[in-house]
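The values are calculated or read from the model by the stated rules, or taken from the named source; none is laboratory data. Every value quoted in this text rests on a predicted model; they were computed, and no experiment measured them. Note that we place each Cβ from the backbone using ideal geometry, even for glycine, and neighbour counts take in every protein chain shown.
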Amino acid sequence: MPRAIQIAAYGGPEQLQLVDVAVGAPGPGEIRIRHQACGLNFIDVYQRTGLYANPLPLTLGMEGAGFVEALGEGVTHLSVGDRAAYASQPPGAYCEVRVMPAKCVVRLPDAIDFDTAAGMMLKGLTAQYLLKKTRPVEGLQPGDFVLFHAAAGGVGLIACQWARALGLQLIGTAGSAAKCALALEHGAAFAIDYSQEDFVGRVKEITGGKGVKVVYDSVGKDTFDKSLDCLRPFGLMASFGNASGPVPPFAPGALGPKGSLYLTRQTLFSHIATRESTQAMADDLFDVVGSGAVKICIDQRFPLAQAAEAHRALEARKTTGSTILLP
């Protein structure tokens, strides 16, 4: 029988168990895919701990790549035998074989291997919607400053490169000198080690006191308040994660005195709600990776059976770039 990593209760990495699972035929609008690689993301931690609740038992994982084994009724954009990849709801990627909705699965270009695809779909599509769709009211033009937290992570390293390709001056933050150096190597115009420097003061220094047009923040509780102080008037605070914990309740009235700021809480799954939007975003990602403007850094590989160790490394901030699990 195929194997999967499941949790039967919310909690720490020790809840991740390798189990045998029965996988049947796909129903209408579904496919069956045999994974060659699966991606690891912080949303997997949120689901494991119960911050994002799902029915139990739960197979974790939101992105993967492999071969299409079977098609359900009504699926016309894929064929049996296709190389395919996805970032998709519901969870279930930590496995050898799964049945899943077809609408967010796309055909993988021959030039992109399975490991790269598994390491880039959720992260790359996230970078795409942030830089291309989540923009301040005044827009973004070449030369504009943006602040990106966790710049040495999987999404961050993609965003550093993509922002450079768009002509933006990305100011990245990270938790060590080595991670800052990594962000700079991948296109960040500036990098701030928040363990050694006050990032608000450094951002103001870099921007000549004006602040940035937008902050992209996946850290959450630890960076939210100070991030608002980095914005110029009419700037956009784009929150898209909670790595340090959820942002506490917030009074919208505080946005006025800080410069009539805008605040949004983004999630990838709003942007890939249809097959058409998923395909358009994936095409944009495949183009920028295929051109060489963005290179996907897979810095950690774990066997599927060692998913708990992968989670421990991620939560301890010991990872850089993308991490994949190999069935």
Might you let me know whether segment 267-274 holds any residue that is more than 15 Å from the chain's Cα centre (by Cα), outside any loop (DSSP other than H, G, I, E, B) and at pLDDT 95 or above? no
Residues that are modelled with pLDDT under 95: list the strands (runs of 3 or more DSSP E) wholly contained in segment 38-119 that include at least 2 such residues. none
Any residue at all in segment 314-323 that is modelled with pLDDT of 95 or more, outside the structural domain of SER195 (by TED's automatic domain parsing) and assigned to a helix (DSSP H, G or I)? no
If you go through segment 90-100 one residue at a time, do you hit one that is farther than 20 Å from VAL23 by Cβ and surrounded by fewer than 24 Cβ atoms within 10 Å (Cβ to Cβ)? no
Name the one entry in ALA165, ALA111 that is more than 26 Å from LEU71 (Cα to Cα), surrounded by fewer than 24 Cβ atoms within 10 Å (Cβ to Cβ) and aliphatic (A, V, I, L, M). ALA165
I'm trying to understand the selection: among the residues of segment 284-321, which are in contact (Cβ under 8 Å) with a residue 40 or more places away in the chain and of a type in the set (D, E, K, R)? ASP284, LYS295, ARG301, GLU309, ARG312, GLU315, ARG317
Just give me the residues in segment 177-188 being touching a residue at least 40 places away in the same chain (Cβ under 8 Å) and hydrophobic (A, V, I, L, M, F, W, C), in sequence order. LEU182, ALA188
Report, by residue number, each residue of segment 94-143 that is of a type in the set (Val, Ile, Thr), over 21 Å from LEU58 (Cβ atoms) and more than 18 Å from the chain's Cα centre (by Cα). ILE112, VAL137
Segment 301-318, residues that are over 14 Å from HIS35 (Cα atoms) and crowded, with 20+ Cβ neighbours inside 10 Å: ALA307, ALA310, HIS311, LEU314
For segment 115-140, pairs from a residue that is surrounded by fewer than 24 Cβ atoms within 10 Å (Cβ to Cβ) to a residue that is of a type in the set (S, T, N, Q), with Cβ under 8 Å and 6 or more apart or across chains, are ASP115/GLN36; TYR129/GLN266; THR134/THR264; THR134/GLN266
Can you pull out every residue in segment 283-306 that is hydrophobic (A, V, I, L, M, F, W, C) and touching a helix residue (DSSP H, G or I) at 6+ places or on another chain (Cβ under 8 Å)? LEU285, VAL288, VAL289, ALA293, VAL294, ILE296, CYS297, ILE298, PHE302
Residues of segment 220-260 satisfying the condition of being within 23 Å of LEU122 (Cα to Cα) and of a type in the set (A, V, I, L, M): LEU236, MET237, ALA238, ALA243, VAL247
